[in-house]
Amino acid sequence: MKYTTVKNGATVTVFAPYDCNNHCPFCVNKMDYQINPVFDLENVLRSMWRMDGITPLCDFVFTGGEPLADLAMLDRMFKAVREMNAKGSHHRLFVNTTFPVKSHDDVIYLNGNRDIITGFNVSRHIYPFVEECWDNYFSYVQIPIRINCVLTTAKEAEKGPDLIERFKRFRSIYGFQFRDNYTGVNETNLFDQDTNERLKALLKAFGVKEYGFTSDRFRWSAILQETPLISFHRTQCMSKGVDAKGNVFIGDIIVDPRGNIMDDWNEYGSPLDVEKYAEIFKKKK
Ligand code: SF4
């Protein structure tokens, strides 16, 4: 068996070593935090540095849980990426968050890290499952923001006009992404478009007859509107693929809240053989 991945290395997704206080019904991460409530920031940092040593150009994503739930711990993680880039690495850093910003001080703190944060992916859903911040805080943030909205059922997508009304609040924001419900997406049905009721309802609501389309082996995205960018995105819950020869393609590397380095998301992941993964990049040098 050997590993393969994309040129600059798989995206390294780091789960914040602390839980969120929310219970979103579509959450695919919460179970890990609750079944295994042992968190280890120091080991998370060690694993981030280990991956930096192998792929100094890879993207980092901080996710959760809720990365912004503990700014003191998050600060240590920001500092690590800053130090990596200061010594010559070039990591982009994205933060997945519900954006629990409570004051201008929080915004000032985030803006103070704009040298390393490439962008925020902020969840805002049809039903507010989490306490949402004052929308105007977004206009003070000097870092690109994309809003994510999960459509858990086709019925929700049918609310097209209401959805449009809802995201108009965010019209000054860089992008808006409707995400299909991940549960139930597999290799066989991933690329179903003609039968995708959510996509059909959105196309109707936006009056779109032809749409731009991007894809890779695990996900695809349909562009509904260019400016501001509004898209519909469907992905599998996993990002690892095994070919006929048994070679393993790694799409995302996960650093779990305990600092373990895994080769895929949640229950799909196994411990990554880090030495073997590093061989991909030694051969390229
Ligand atoms: S805020 Fe995020 S991690 Fe927490 S329950 Fe909701 S989706 Fe899951």
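The values are calculated or read from the model by the stated rules, or taken from the named source; none is laboratory data. What you see is a predicted model; the values in this text were computed from it and never measured. Cβ placement follows ideal geometry from the backbone for every residue including glycine, while neighbour counts extend to all protein chains displayed.
At a glance:
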read-out: Qualifying residues in the stretch 1-60 (those that are near the ligand (Cβ under 10 Å from one of its atoms), in a loop (DSSP other than H, G, I, E, B) and among the hydrophobic types (A, V, I, L, M, F, W, C)) - the one surrounded by the fewest Cβ atoms within 10 Å (Cβ to Cβ); value: 28
read-out: The stretch 86-104: number of residues that are more than 18 Å from residue 142 (Cα to Cα) and buried (at least 17 other Cβ atoms within 10 Å of the Cβ); value: 1
read-out: Of all residues in the stretch 65-97 being touching a helix residue (DSSP H, G or I) at 6+ places or on another chain (Cβ under 8 Å) and part of a loop (DSSP other than H, G, I, E, B), the one that is farthest from the ligand (Cβ to nearest atom); value: 89
read-out: Any hit, the stretch 149-171, residues being modelled with pLDDT of 90 or more, closer than 27 Å to residue 30 by Cβ and more than 17 Å from the chain's Cα centre (by Cα); value: no
read-out: Condition broken by residue 65, with the remaining ones in (1) closer than 24 Å to residue 250 by Cα; (2) at pLDDT 95 or above satisfied; value: (2)
read-out: Total residues in the stretch 123-148, condition within 15 Å of the chain's Cα centre (by Cα) and either within 12 Å of the ligand (Cβ to nearest atom) or surrounded by fewer than 17 Cβ atoms within 10 Å (Cβ to Cβ) (or both); value: 4
